[in-house]
Amino acid sequence: ARTAAGTQFNGNLIFNFSSTGDIQIGINGGTSTLADTRTITVNCAGTGCDDLQLANFTQVGGTPQSVTLNGSGNARLTLGPNSVFNAPLTVVAEEILFHSSTFNGTSSFNQTGTASMGSRGGNIFADVTITDSGSGDIHLGTNAADPGDLFNGNVTINITGGGRFRLGSNTTGNL
């Protein structure tokens, strides 16, 4: 799935972190699909979670997904490039990065950490809630070469931890 095209996950995806290290899916051009009715589970033990990157990843069907990464102080979830979630998605992570991905279901993202995260543009959201409950900032659209982000539904932004939210930091065409 990291470099190979067409990887099919027909069972649940379970990611176990028990020490430092990253889990990377599709980052070197590989593509993968999570079958309908299957879920993603993340277990953070020991030193907590590190980085989980889901690139060129497609979640099929309407099964809601919930991903939580915590415990290390910089547990990061990177969504993209070119990932598609077709069902509702709930994410809680110390750091969240978006990169040219599509979220077709109602989504909720809560960044809890202290780092300021600069996400690339080109993301497409249906109804979305973005919460910054940490002290770090959330920046969308930081790469001027990317298209702006597109919001096709309601957008709710919650700032509860002292960080800031910035849309279109360097991109144009954010709608």
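The values are calculated or read from the model by the stated rules, or taken from the named source; none is laboratory data. Bear in mind that the values here come from a model prediction, so they are computed numbers and not experimental data. Cβ coordinates were reconstructed from backbone atoms using ideal geometry, including for glycine residues, and neighbour counts include every protein chain displayed. These area figures cover heavy atoms from the full protein model, side chains too; ligands, DNA and RNA do not enter into them. Shrake-Rupley method; radii C 1.70, N 1.55, O 1.52, S 1.80 Å.
Assorted remarks:
- Within the range 43-63, restricting attention to residues that are farther than 19 Å from His99 by Cα and not in a loop (DSSP other than H, G, I, E, B), the residue that is most open to solvent (accessible area, probe 1.4 Å) is Asn43.
- Single residue of the range 64-99 satisfying the filter (assigned to a loop (DSSP other than H, G, I, E, B) and open to solvent by less than 30 Å² (accessible area, probe 1.4 Å)) that is farthest from Gly48 (Cα to Cα): Ala87
- In summary, Ala1 fulfils each of the numbered conditions (1) under 16 Å from the mean Cα position of the chain (by Cα); (2) among the hydrophobic types (A, V, I, L, M, F, W, C); (3) closer than 22 Å to Arg120 by Cβ with the single exception of condition (1).
- Complete set of residues in the range 100-136 that are at pLDDT below 95 and in a strand (DSSP E or B): Met117, Gly118
- Filter pass, Thr129 being open to solvent by 20 Å² or more (accessible area, probe 1.4 Å), within 14 Å of the chain's Cα centre (by Cα) and among the hydroxyl-bearing types (Ser, Thr, Tyr): yes
Yes/no per residue for (1) at pLDDT below 95; (2) open to solvent by 20 Å² or more (accessible area, probe 1.4 Å); (3) at negative phi; (4) not in a loop (DSSP other than H, G, I, E, B):
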site	(1), (2), (3), (4)
His139	yes, yes, yes, yes
Asn143	yes, yes, yes, no
Gly163	yes, no, yes, no
Arg166	yes, yes, yes, yes
Ser169	yes, yes, yes, no
Thr172	yes, yes, yes, no
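- So Gln24, is it open to solvent by 50 Å² or more (accessible area, probe 1.4 Å) and either touching a strand residue (DSSP E or B) at 6+ places or on another chain (Cβ under 9 Å) or of a type outside the set (A, V, I, L, M, F, W, C) (or both): yes
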